[in-house]
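Every number in this text was worked out from the coordinates using simple rules, so none of it is lab data. Since this is a predicted model, take the numbers as computed values, not measurements. A quick note on method: Cβ atoms are made from the backbone with ideal geometry, for glycine too, and the neighbour counts reach across all protein chains shown.
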Amino acid sequence: MSRKYEGLVVLDTKGKEGSVDEFVSEVGKVLEANGATLDEVKQLGRKEFAYNARQIEGGVYVNYFFNASPEAVAEIKTALDLVKGIYMHQYRRIG
């Protein structure tokens, strides 16, 4: 059973080769490889953190809207934990 989800991913682009757009599409490919169907991707821009966490000052915030099964979301979480350069990611069911 497929459901709609919103995923917020914070990218740490410090020391990352290539553009932010390439990194955003790379994360989208990881989502699709683990069973998600992307509907929309919104780049919210770079924002500074309230305090320096893990020695970084801010990150690029990206919203991913996708359809997936609950099992696929668990697989996506595991896969994105392994991607270097992702500071944080969280998901919520919508609709």
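Among ASN52, ASN67, ASN34, which one shows the highest mean-square fluctuation when the chain is modelled as a Gaussian network with alpha-carbon springs under 10 Å?
Highest fluctuation of the listed residues: ASN52.
Using a Gaussian network for the chain with springs between C-alpha atoms less than 10 Å apart, which of these wobbles most: GLY85, GLY58, GLY18?
Largest GNM mean-square fluctuation: GLY18.
Only counting other Cβ atoms within 10 Å, I'd like MET1, MET88 sorted with the fewest neighbours first.
Working: MET1 5, MET88 14.
Fewest-to-most Cβ neighbours within 10 Å comes out as MET1, MET88.
Given +1 on the Cβ of Lys and Arg, -1 on the Cβ of Asp and Glu, and no further charges, what dipole in debye does segment 1-72 carry about its Cα centre, rounded to the nearest 20?
On the way: 9 positive and 12 negative charges, 39 e Å.
It works out to roughly 180 debye.
Pull up the cross-link candidates among the lysines for LYS16, meaning alpha carbon to alpha carbon under 30 Å and not fewer than 8 places away within one chain.
Cα-Cα hits under 30 Å: LYS29, LYS42, LYS47, LYS77, LYS84.
For LYS14, give me every one of the aspartates and glutamates with a C-alpha distance below 20 angstrom, ignoring sequence neighbours fewer than eight places off in its own chain.
Candidates past the 8-residue exclusion: GLU22, GLU26, GLU48, GLU57, ASP81.
May I ask you to list the aspartates and glutamates whose Cα is less than 20 Å away from that of LYS4, ignoring any residue fewer than eight positions away on the same chain?
Leaving aside aspartates and glutamates fewer than 8 places away in the same chain, those within reach of LYS4 are GLU32, ASP39, GLU40, GLU71, GLU75.
Among PHE23, PHE65, PHE49, which one shows the biggest mean-square fluctuation in a GNM of the chain, springs joining Cα atoms closer than 10 Å?
So, out of PHE23, PHE65, PHE49, the one fluctuating most is PHE49.
Assuming R0 = 22 Å, what is the FRET efficiency of LYS14 and THR78, from their Cβ-Cβ distance, to the nearest 0.05?
On the way: r = 24 Å, r/R0 = 1.09.
Working from the Cβ atoms, E equals 0.40.
Which part of segment 1-22 falls in the paramagnetic zone of LYS29, meaning amide N under 20 Å from the point 7 Å along Cα-to-beta-carbon?
Output list for this probe position: 9-22.
Could you put THR13, THR78 in order, starting from the residue whose Cβ has the fewest other Cβ atoms within 10 Å? Mind showing how you got there, number by number?
Numbers: THR13 17, THR78 10.
With the sparsest Cβ surroundings first, the list reads THR78, THR13.
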